């Protein structure tokens, strides 16, 4: 399928934003990219940070997909991509819970890398079921990765880091890059996200986790 010609006078979100109907009718996101066979990298929850935009600009040989739970954030991010002139061929967004997409549309073995920066830990006990890594989500991520594919995460919540590590370590074929307890502090020269700057200013420690599908 040819990539639609971009015209910001019509809709600044197109062609950056894909819809649920696009996925259902098209069988997933790859047909929305100019090069459907390029490696697919997914950021779950790009929010207000520039990571997805920067990576799409720096690595035009990869397809970049942002999955965002907030429709307003998707619209704002699409406008930022359009204003920067980035990602017309290789960056797409969708407004949808990640669990709705990973197993039905990205499995099996369609994703090279996931980036998940500061997923909401839902700290209250009665909200724990809303956590991204509650239930079988880690196993779904594993099944959607190509051999050698990675899941890269960061969280400021020690309790959530423990939960994520337990889930990812138990997922079939996944192995932590880091020794126990399963995470490290900020590597030298690593990029700092908007959320990370905020949490560090509040004195919180950041936990970095990384898993590879063997």
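Compute the whole-percent fraction of alpha carbon pairs in the chain spaced more than 25 Å apart. Result: 37 percent of Cα pairs exceed 25 Å. Computed from the Cα positions only, the extents of the range 79-132 along the three principal axes stand at 43, 30, 17 Å, in decreasing order.
Based on DSSP H segments of at least four residues, each scored -39500 (n - 2.57), the chain has a per-residue ellipticity at 222 nm of -8000 deg cm²/dmol. Between helix 158-170 and the chain there is an angle of about 80 degrees, using the helix long axis and the longest principal axis of the Cα atoms. Taking label points 7 Å from Cα along the Cα-to-Cβ direction, residue 126 and residue 72 give a separation of 2.6 nm.
From the Cα gyration tensor of the range 112-196, with a ≥ b ≥ c the square roots of its eigenvalues, which class applies: rounded if a/c is under 1.5, or else prolate if a/b is larger than b/c, or else oblate? Since a/c reaches 1.5 but b/c is at least a/b, the shape of the range 112-196 is classed as oblate. Most tightly packed first, judged by the mean number of other beta-carbon atoms within 10 Å of their residues, the peptides 107-116, 19-28 read 107-116, 19-28.
Of all alpha-carbon pairs in the range 50-168, indicate the percentage at a distance above 18 angstrom.
Looking at the range 50-168, the distances longer than 18 Å represent 56 percent of pairs.
Read-outs: derived from the displayed coordinates by stated rules, not from any lab. Given the structure is predicted, the values throughout are model-derived calculations rather than measurements. Cβ sites come from the backbone with ideal geometry, for glycine too, and all protein chains shown count toward neighbours.
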